[in-house]
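The values are calculated or read from the model by the stated rules, or taken from the named source; none is laboratory data. Note that the coordinates shown come from a computational prediction; the quantities given were computed from them, not determined experimentally. For neighbour counting, all protein chains shown are included, and Cβ atoms are generated from backbone atoms with ideal geometry for every residue, glycine included. Ligands, DNA and RNA are excluded from the accessible area calculation, which covers all protein heavy atoms including side chains. Shrake-Rupley method; radii C 1.70, N 1.55, O 1.52, S 1.80 Å.
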Amino acid sequence: MTSSKVWTHKGTFLLAAVGSAVGLGNLWRFPYLTGENGGGAFILVYALTIAMVGIPILIAETLIGRNSRRSPIMGMAHLARTHKASGAWRAIGWMGAAAAFIILSFYSVIAGWAVHYTGLMFSGALAGADTATISGSFDSLLASPGLLLTYHTVFILVSGLIVGMGIHKGIEGGLRFMMPALFLILVIVLGYGLLVGDAAAAFSFLFTFNLADLSLEGWLQAMGQSFFTLSLGMGAIMAYGAYMSSEASLTRTAFWIAAVDTLIALMAGLAIFALVFGSGLEAGQGPGLMFVTLPIAFAGLPGGSILGGIFFVLVIGAALTSAISLIEPIAAWLVERFAMGRPAAVALMVVLCWALGVVTVFSFNSWSEGTITHELFGKSPFDVLEFITNILMPLGGLLIALFAGWILSREEVLREMNTSAGWFGLWQFLVRFVAPTAVAFVFLRTIPQVEGYWIPAVGAVLIIGGFTLARTVAARRS
């Protein structure tokens, strides 16, 4: 691999992976799930799963990317071939690419909401507004396909422009500026939230650990969030890992990524809940926490319009760093497979993704009911797209763990990890047994629990999984 295909600094992979991990999942999904599931108990399960599942799979996915030095699709084909493993393992690359493509299509639309609210905040349009006005503003945004399409177009074009400029000038250069700037903005928003909000209530809510408050569904959501927050199973980490220096420590980097990602999620949670509680509002507001509850809080606070605008700039920036990572896996594959120029590959990816994003735009208004997806699945087109990714990501993570744990040889894993035998043994145990089991539960949660289908579906997955694992072990021993 030439120097043009490796990050110019060992720490850049850390910036890139953190940029991929830190996004709407930290600033939007994590706070509202925490609010819905009792606070501290949710965070405790989330942190434990990060340690026992997220970090082992993060190391595995990075290791696979660095070992292949190719895009996820081409890399998995290469590794399956060189290890004389079943060609079916190539599905890992394809599933990751498909997940990244679908996620970017609707992620871009949701990021557009933050663009809209940045303008509303800085203009003072919501200053002093009451709950009904702010709720109505959000409803009006969702009912306007023209506005949603405009924001979607602008956001995805900016994301594509950065990736199209190349690994060093585009992705690396952009991340070196954006990540420190985003952290600084988050510190400002957190300081403001703790100063004018109810800091004591926020700390109590987030750091009082009572597992009895957490339902089984809450456990599963905490496990799922810990998996999704690290961008696992969508090809981004594998693609970035392909550019990682051979001298960089996989283990140390993975721990730093998980630590920084969790720290940012907790800082965002503290800032948001301090503001929410300080305004006398409820934490369990679901997905509307950021786009309804938080603007209500900003509307009634001194300097709220300015700080609210700054907060939504943070949301846009975080979404942008994640979007960059979602473009890279498929763009890199188009360059490798079809010898396309990078700008052309990125343009093709962005145009197709933009077109699929139109489906999400209309899912909130014109296609909110009466479509074929409602008739077949009882879901909107957007809900179906999200459901597909909720299958592809954990399934991809499960297969990544099995491939790294059972197919790659002990020698090459030790060479890549460059670590002690003790840590290697623990990692191998986690990635072979603990992580696949936990991810399987997250995966099974996505199967519709419809009477007559739930038990056969679970049985089929367990039988297929057991058969695959048995064949893999037998192949390794022979």
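Only one of the numbered conditions (1) in contact with a Leu (Cβ under 9 Å, 6 or more places away or on another chain); (2) within 19 Å of Arg90 (Cβ to Cβ) is violated by Leu399, and that is (1). Assess whether Leu161 counts as being out of contact with any strand residue (DSSP E or B) (no Cβ under 7 Å at 6 or more places or on another chain) and free of Cβ contacts under 8 Å to residues at least 12 places away in the same chain. Yes, satisfied. The number of residues in the range 390-400 that are surrounded by 20 or more Cβ atoms within 10 Å (Cβ to Cβ) and farther than 14 Å from Arg432 by Cα comes to 5. Scanning the range 390-412 for residues that are more than 14 Å from Leu58 (Cα to Cα) and either part of a helix (DSSP H, G or I) or among the small types (Gly, Ala, Ser) (or both) yields a count of 10. Among residues of the range 114-126 that are modelled with pLDDT of 95 or more and β-branched (Val, Ile, Thr), none has a beta-carbon under 6 Å from a residue that is surrounded by 19 or more Cβ atoms within 10 Å (Cβ to Cβ) and outside any helix (DSSP H, G or I) at least six positions away or on a different chain. Would you mind stating whether Leu195 is closer than 29 Å to Ala297 by Cβ and not polar (S, T, N, Q)? For Leu195, the condition - closer than 29 Å to Ala297 by Cβ and not polar (S, T, N, Q) - is met.
Applying the criterion of at least 1 residues that are among the charged types (D, E, K, R), farther than 19 Å from Ala17 by Cα and at pLDDT below 90 to the helices (runs of 4 or more DSSP H) found wholly in the range 138-251 leaves 216-228. Within the range 127-134, identify whether any single residue is modelled with pLDDT under 95, of a type in the set (S, T, N, Q) and part of a helix (DSSP H, G or I), and answer yes or no. Yes, the range 127-134 has at least one match. Among the residues of the range 64-74, not a single one is in contact with a Phe, Trp or Tyr (Cβ under 7 Å, 6 or more places away or on another chain), open to solvent by 40 Å² or more (accessible area, probe 1.4 Å) and either without any contact (Cβ under 8 Å) to a residue 40 or more places away in the chain or within 24 Å of Phe424 (Cα to Cα) (or both). Among Gly25, Gly38, which is the only one that is more than 24 Å from Ala332 (Cα to Cα), touching a residue at least 12 places away in the same chain (Cβ under 8 Å) and assigned to a loop (DSSP other than H, G, I, E, B)? Answer to the selection: Gly38.
Per the conditions (1) within 23 Å of Pro287 (Cα to Cα); (2) within 21 Å of the chain's Cα centre (by Cα); (3) open to solvent by less than 20 Å² (accessible area, probe 1.4 Å), the sole criterion not satisfied by Glu217 is (3). When we screen Phe467, Phe424, Phe403, Phe433 for residues that are exposed (fewer than 14 other Cβ atoms within 10 Å of the Cβ) and modelled with pLDDT of 50 or more, the only hit is Phe433.
If the condition is being hydroxyl-bearing (Ser, Thr, Tyr) and within 25 Å of Val313 (Cα to Cα), then the range 174-232 contributes Tyr192, Ser226, Thr229, Ser231. Quick check on the range 115-133. Is at least one of its residues open to solvent by 40 Å² or more (accessible area, probe 1.4 Å) and more than 29 Å from Ala297 (Cβ to Cβ)? No, there is no match, as no residue in the range 115-133 is open to solvent by 40 Å² or more (accessible area, probe 1.4 Å) and more than 29 Å from Ala297 (Cβ to Cβ). Number of residues in the range 371-389 that are surrounded by fewer than 18 Cβ atoms within 10 Å (Cβ to Cβ), within 26 Å of the chain's Cα centre (by Cα) and of a type outside the set (Asp, Glu) equals 5.
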